[in-house]
Amino acid sequence: MGAVMATSADRLEFRLELQDKEEIEHAAQLLGKKLSAFVREVTLAEARRVVAEHQATRLSADESRRLLDSFDQPFAPNARLRRAIKRATDADPGR
């Protein structure tokens, strides 16, 4: 039984300046890639980088130190949370 080859059905079209197209074509040629393969690879790599950047929270050294220090402090609910806890406890005395 032969291997089944995946096919791409979706298309992405966009307009660009001739100079930009020539630059992209030149880059693809330098890497020995077809234009569509080059554009797909570069676009996907950038899309993945952007998504990863927005899914992560980056802290400075100072922010990181303050966050870790806060874990060493005892938990102290603020007034709003204390009221919410009281309402929940009053509503369910079995707690």
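Coordinate-derived values only; no laboratory data. This is a predicted model, so every value here is computed, not measured. Please note: Cβ atoms are built from the backbone with ideal geometry, for glycine as well, and neighbour counts cover all protein chains shown.
Per-residue 3J(HN,Hα) values for the range 42-53, derived from phi via the Karplus relation 6.51 cos²θ - 1.76 cosθ + 1.60 with θ = phi - 60°, read 5, 5, 5, 4, 5, 4, 5, 5, 5, 4, 4, 5 Hz in sequence order (x marks Gly and Pro). Nearest 10 degrees is fine. How inclined is helix 61-71 to the longest principal axis of the chain, computing both from alpha carbons? Its long axis makes an angle of about 40 degrees.
In summary, the lysines within cross-link reach of Lys21, defined as a Cα separation below 16 angstrom excluding same-chain residues under 8 places away, comprise Lys33, Lys34.
What does the net charge come to around Ser36 if you take all other residues with beta carbon closer than 12 Å to its beta carbon, with K and R at +1 and D and E at -1? Residues close to Ser36 contribute a combined charge of +1. Per-residue ellipticity at 222 nm from helix content only, as computed over the chain with -39500 (n - 2.57) for each DSSP H run of at least four residues, stands at -20000 deg cm²/dmol.
Mean-square fluctuations from a GNM of the chain, with a 10 angstrom spring cutoff on Cα atoms, peak among Arg49, Arg11, Arg66 at Arg11.
With a Förster radius of 41 Å, plug the Cβ-Cβ distance of Val42 and Ser64 into 1/(1 + (r/R0)^6) and report the FRET value to the nearest 0.05.
Working: r = 33 Å, r/R0 = 0.80.
E between Val42 and Ser64, to the nearest 0.05, is 0.80.
Of all the options Ala61, Ala76, Ala45, the one that moves most in a Gaussian network model of the chain with Cα springs shorter than 10 angstrom is Ala76. The length gained by stretching the chain between Phe14 and Leu35 to full extension, at 0.36 nm per residue less their Cα-Cα distance, is 6.2 nm.
When Rg and Dmax of the Cα atoms in Å is calculated for this entry, the matching label among (i) 12.9, 41; (ii) 13.9, 43; (iii) 27.4, 74 is (iii).
Per-residue 3J(HN,Hα) values for the range 11-21, derived from phi via the Karplus relation 6.51 cos²θ - 1.76 cosθ + 1.60 with θ = phi - 60°, read 10, 10, 10, 7, 9, 8, 5, 4, 4, 5, 4 Hz in sequence order (x marks Gly and Pro).
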